[in-house]
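Rule-based calculations on the coordinates, nothing more; no lab input. All values derive from a computational prediction rather than experimental measurement. Here the Cβ positions follow ideal geometry from the backbone for every residue, glycine too, while neighbour counts run over all protein chains shown.
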Amino acid sequence: MIFTLQLIVTNKKIKVMTTFKDLQFEKKWGGVGAKYTFDNGITLSVQAGNINYSTPREDLPSADNYASFEIAIWNEKGEWITQDIVPKPNGGEVAEWVSRDEIDEIISIIKSK
């Protein structure tokens, strides 16, 4: 019996989310935003602009222009779980003024779930 193995290679790049720098930001509502859904079904949204809790709180052209961001996290059922990952004294569906380093830590937590 002879088996034939066929390997098909494409030019598609596989993007694996590991840190803040891997987020793909787009223009959103005047500012910028990125959204990523992990293999475990958890989605992370990172936003900055004049309607978001970011520094500065202005509409700017690039994520590079911001020192902190507003984030939201939800599960595969669409339920908000931001508070479960980023405990805050006031609760809420979003976490305000989150730094790049903090986002890196949050990404690690999400990936471990």
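Within the shell of other residues whose beta carbon sits under 14 angstrom from the beta carbon of THR43, the net charge comes to -1, with Lys and Arg scored +1 and Asp and Glu -1. Listed from fewest to most Cβ neighbours within 10 Å, the set SER112, SER45 follows the order SER112, SER45. Amide hydrogen proximity for ASP59: with H placed 1.01 Å from N in the peptide plane, the residues at 5 or more positions away or on another chain lying under 5 Å are ASN50.
Residue-wise HN-Hα couplings along the stretch 44-54, as the Karplus relation 6.51 cos²θ - 1.76 cosθ + 1.60 with θ = phi - 60° gives them from phi, are 10, 10, 10, 10, 8, x, 6, 9, 10, 7, 9 Hz; Gly and Pro carry x. The magnitude of the dipole of the stretch 20-112, with charges of +1 and -1 set on the Cβ of Lys/Arg and Asp/Glu and taken from the Cα centre, is near 140 debye. Sticking with the crude label model, points 7 Å out along Cα→Cβ, report the distance from LYS88 to LYS113 in nm, one decimal please. Taking the two extended label points, one gets 1.5 nm.
If the segment from ASP104 to ASP64 were pulled out straight at 0.36 nm per residue, it would be longer than the present Cα-Cα gap by 12.9 nm.
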